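> The structure under discussion is supplied below as structure tokens; questions concerning it will follow.
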Amino acid sequence: MRSWIFIFLGLFVFSCKAQTLPLNTHFDNLPLNAYLKDLNNELDPYIGTYQANINSNQITLYITKEDHKYFDLGDIKFYKDVLIVRYSVKNSSDIVLQSTQNLNFTTMKEKNLIHSRGTRMSMVVLSYNGTNCDIGWGDIYLKKLNNTQISWRYYAETVATSSDRCSPSLDKTIHLPEGENLIFTKL
């Protein structure tokens, strides 16, 4: 009886360890509830608070790493280490135009959420869910330039919607800076 317990425990431990995969593992044939782990600490150099002044706005990025974040993509359910980017945008009069700094994102589908998808060619690829009615959704690319600066690239995929899909009374302004080679400096 004791040997069966050891065999069962051994198989359980082996199956759990087999579920931990490298961060950039492709989703094809991903085991249920697999864990895509940042084994090489590729995300860690981006953690911190960064700031830039772009088009008369002060943008502050608050980048944190969350381990073992749950994703449910319908047929594919898994856990993954991700960067979460919260941000604050202030105009030249120091009025906050938009801020997600204090939001606690509970699902990966929430509006204004920016989270990493993985790394590619010395960059972190992030997804932005957009604001109301998904306006502004798209990819953001961050590249570490040195110990104190990152480069930002973002272009909105959607900038308009119909009034039958989205109430005209909702704010659909994209406050994130669009463009490439925008430099943010670590505070």
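The values are calculated or read from the model by the stated rules, or taken from the named source; none is laboratory data. In this text the structure is predicted, and so the values were computed from the model without any measurement. Quick reminder, even Gly has a Cβ in these numbers, built from the backbone with ideal geometry, and neighbours come from all protein chains shown.
> Determine whether the range 36-48 contains at least one residue that is surrounded by 12 or more Cβ atoms within 10 Å (Cβ to Cβ), out of contact with any His (no Cβ under 9 Å at 6 or more places or on another chain), modelled with pLDDT of 95 or more and farther than 24 Å from Met121 by Cβ.
no
> From the list Leu97, Leu83, Leu61, which residue is crowded, with 16+ Cβ neighbours inside 10 Å and more than 14 Å from Phe184 (Cα to Cα)? Lay out the reasoning, then the answer.
On the way: Leu97 fails: crowded, with 16+ Cβ neighbours inside 10 Å; Leu61 fails: more than 14 Å from Phe184 (Cα to Cα).
Among Leu97, Leu83, Leu61, only Leu83 is crowded, with 16+ Cβ neighbours inside 10 Å and more than 14 Å from Phe184 (Cα to Cα).
> Among residues belonging to the range 110-138 that are farther than 21 Å from Thr60 by Cβ and within 11 Å of the chain's Cα centre (by Cα), point out the one that is surrounded by the most Cβ atoms within 10 Å (Cβ to Cβ).
Applying the filter and picking the extreme gives Gly118.
Yes/no per residue for (1) in a loop (DSSP other than H, G, I, E, B); (2) of a type in the set (Val, Ile, Thr); (3) under 20 Å from Gln51 (Cβ atoms):
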site: Ser127; (1), (2), (3): no, no, no
site: Asp139; (1), (2), (3): no, no, no
site: Lys143; (1), (2), (3): no, no, yes
site: Thr161; (1), (2), (3): yes, yes, no
site: Asp164; (1), (2), (3): yes, no, no
site: Ser167; (1), (2), (3): yes, no, no
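> Which ranges mark the strands (runs of 3 or more DSSP E) fully within the range 73-124 that have 2 or more residues being touching a Gly at 6+ places or on another chain (Cβ under 6 Å) and farther than 25 Å from Asn40 by Cα?
Working: elements: 77-90, 96-99, 114-120.
Of the strands (runs of 3 or more DSSP E) lying wholly inside the range 73-124, none has at least 2 residues that are touching a Gly at 6+ places or on another chain (Cβ under 6 Å) and farther than 25 Å from Asn40 by Cα.
> Continuing with the same structure: Quick check on my filter: what residues within the range 80-101 are polar (S, T, N, Q) and within 19 Å of Asn132 (Cβ to Cβ)?
Taking the range 80-101 and keeping what is polar (S, T, N, Q), we get 88, 91-93, 98-101.
Within the range 80-101, Ser88, Gln98, Ser99, Thr100, Gln101 qualify.
> So which residues in the range 63-117 are at pLDDT 95 or above and among the acidic types (Asp, Glu), if there are any at all?
Glu66, Asp67, Asp81, Asp94
> Restricting the range 137-178 to residues that are in contact with a Cys (Cβ under 9 Å, 6 or more places away or on another chain) and polar (S, T, N, Q), which is farthest from Gly118 (Cα to Cα)? Talk me through it step by step, then tell me what you get.
Applying the first criterion (in contact with a Cys (Cβ under 9 Å, 6 or more places away or on another chain)) to the range 137-178 yields 158, 161, 165-167, 170, 172.
Still in the list and also polar (S, T, N, Q): 158, 161, 167.
On the way: Thr158: 22, Thr161: 29, Ser167: 34 Å.
That would be Ser167.
> Return the pair list, or none, for Cβ contacts closer than 9 Å from residues in the range 156-171 that are closer than 12 Å to Thr131 by Cβ to residues that are assigned to a loop (DSSP other than H, G, I, E, B) and aromatic (Phe, Trp, Tyr), at least 6 apart or on different chains.
Ala156/Trp137; Thr158/Trp137
> When only residues in the range 18-30 that are of a type outside the set (A, V, I, L, M) and surrounded by 12 or more Cβ atoms within 10 Å (Cβ to Cβ) count, which is modelled with the lowest pLDDT?
So in the range 18-30, the residues of a type outside the set (A, V, I, L, M) come out as 19-20, 22, 24-29.
In the following step, the residues that additionally are surrounded by 12 or more Cβ atoms within 10 Å (Cβ to Cβ) were identified as 19-20, 22, 24-25, 27.
On the way: Gln19: 90, Thr20: 94, Pro22: 95, Asn24: 93, Thr25: 92, Phe27: 84.
So, considering only residues that are of a type outside the set (A, V, I, L, M) and surrounded by 12 or more Cβ atoms within 10 Å (Cβ to Cβ), the one modelled with the lowest pLDDT is Phe27.
> Can you pull out the residues in the range 115-172 that are within 22 Å of Gln101 (Cα to Cα) and of a type in the set (Val, Ile, Thr)?
Val124, Val125, Thr131, Ile135, Ile140, Thr148, Ile150 - these are the residues of the range 115-172 that are within 22 Å of Gln101 (Cα to Cα) and of a type in the set (Val, Ile, Thr).
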